[in-house]
Amino acid sequence: MTKTRPPRRWRLAGTCALVGGLAAIGYLTFGGYNVAATDQHTAPIYALLDFASRRSIALRSSRVSVPAIAPEVANGRGLQLFREHCVQCHGAPGVAPASFALGLTPAPANLAATARRRKPAEVFWTMKYGLKMTAMPAWEFRLNDADIWAVTAFVGELALLSPEQYAKLVRATAPLKSSARLSAEAPTLAPDLDRARVAIQQYSCGTCHRIDGIVGAQDAVGPSLNGIGSRSYFAGALPNNRDNMIRWLTSPTTLRPHTAMPDLSVSERDARDIAAFLEQLR
Amino acid sequence: MPRVSVMAMLTLLAACQPTSAVEEQRIAEGRRLIMATGCGACHVIPGIPGAVGKVGPALDGLRDRVYLAGRVPNVPDNLAAWIQDPRAFVPNTIMPPSPLSRTEAQAVTAFLWQK
């Protein structure tokens with residue numbers, strides 16, 4: 001019985017796809033793609049990435065409802081938080097970003113320009129959830145929604161402030177006290193495993209520990225957390241129960257002063273969620 | 001498919017590194033000592049039958065670990081010294097000291113440090 005072959009153009013297309021695929025793999029494997037921050041994207045690639053980013057934010061922020069924020073809040077708490085957390089990368093009218101932010105690719109946007117181009121919901125969304133593959137962190141786990149809205153409202157004001165007016169506002173506003181710099185959400189009743197996954201990524205646990213289900217968690221600075229749910233002890237001498245794990249997560253150096261695991265200002269709520277997640281890694 | 005076997009070959013070639021006969025012997029001695037000392041009662045250790053303990057952390061991939069006990073830099077000398085007397089590094093660790101000599105502890109280190 002003779003086998004029927006696919007039509008000629010399909011075979012040609014298939015061969016082209018295979019050769020194309022091999023060429024792409026070869027290009028990447030032999031380091032052809034330059035990841036240096038000093039090497040610019042080509043204009044078409046940049047346009048593509050920018051387009052994808054804008055469309056993604058537009059879709060997801062369309063569900064956000066924008067509250068009214070009083071000017072005193074925008075120029076009070078909003079400005080304080082802006083100076084504490086944003087100006088180092090984004091600068092301000094007449095104020096340069098810090099030196100570490102000047103080498104970033106993509107560069108942090110000038111927020112006065114952003115305020116003119118983007119809707120408040122989009123600014124809020126970007127602040128709360130961050131941007132992949134950029135240096136823009138997510139603030140969801142470190143600032144509550146009210147504070148993120150205060151900063152969003154202040155960013156809206158930025159478009160209307162001259163450098164002189166900004167400097168005047170700064171002089172009139174006290175800097176944040178250390179206790180007021182971060183604002184966790186209140187604890188809820190039951191631990192949330194989905195939220196725990198995001199919390200684990202937001203506290204960078206994966207930079208030191210291998211954890212199943214967390215992409216990119218591959219370095220072994222500390223022990224792997226796989227199977228920690230069935231361990232009898234952890235951190236050398238602590239009986240493995242939820243209370244101890246929550247105490248450890250909120251302040252490792254209190255329990256073990258010389259540990260390489262740093263204090264990350266993990267909130268009570270986040271520690272509870274993460275502890276519940278770790279318990280089910282058996 | 002051609003793509004898969006080329007990548008598999010490249011990966012295998014990269015992983016192949018011959019171990020000397022002396023090293024092989026130390027690793028074998030390390031395996032024997034681990035079984036004799038009963039480390040597996042507290043630790044999961046790949047390649048050791050019955051080493052399924054969940055008291056301490058698993059010892060797979062120990063070569064890549066940056067710190068031992070959360071604070072001791074993981075170099076072979078430190079690992080051997082830790083195995084002999086953990087409480088010299090961390091006074092309240094629940095890991096007990098072992099009856100191994102320095103050379104024996106080094107053999108155990110060689111086993112645990114395998115790729």
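Quick note: the coordinates plus some simple rules give every number you see, no bench work behind them. Since we're looking at a predicted model, the values are computed, not measured. In this analysis, Cβ positions are derived from the backbone assuming ideal geometry, glycine residues included, and neighbour counts consider all displayed protein chains.
Here are the numbers:
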quantity	calculated
Segment A:201-244, residues that are under 23 Å from residue B:87 (Cα atoms) and part of a loop (DSSP other than H, G, I, E, B)	A:220, A:221, A:222, A:223, A:224, A:231, A:232, A:235, A:236, A:237, A:240
Options A:92, A:47, A:101; residue that is under 16 Å from residue A:152 (Cβ atoms) and surrounded by 11 or more Cβ atoms within 10 Å (Cβ to Cβ)	A:92
Members of segment A:115-163 that are under 30 Å from residue A:271 (Cβ atoms) and hydroxyl-bearing (Ser, Thr, Tyr)	A:126, A:129, A:134, A:152
Single match in A:211, A:148, A:228 (criterion: under 15 Å from the mean Cα position of the chain (by Cα) and either buried (at least 20 other Cβ atoms within 10 Å of the Cβ) or within 14 Å of another protein chain (Cβ to nearest Cβ) (or both))	A:148
For residue A:171: the one exception among (1) among the basic types (Lys, Arg); (2) in a loop (DSSP other than H, G, I, E, B); (3) free of Cβ contacts under 8 Å to residues at least 24 places away in the same chain	(2)
Residues of segment B:57-67 classified as facing another protein chain (nearest Cβ under 9 Å) and under 18 Å from residue B:100 (Cβ atoms), total	1
Filtered residue count, segment A:231-248, keeping only those that are under 16 Å from residue A:264 (Cβ atoms) and facing another protein chain (nearest Cβ under 8 Å)	1
Residue match in segment A:2-25 (condition: free of Cβ contacts under 8 Å to residues at least 24 places away in the same chain, of a type in the set (S, T, N, Q), within 14 Å of another protein chain (Cβ to nearest Cβ) and surrounded by 11 or more Cβ atoms within 10 Å (Cβ to Cβ))	no
Matching option when the condition is buried (at least 19 other Cβ atoms within 10 Å of the Cβ), more than 8 Å from every other protein chain (Cβ to nearest Cβ), of a type outside the set (A, V, I, L, M) and over 13 Å from residue B:58 (Cα atoms), among A:251, A:267, A:204	A:267
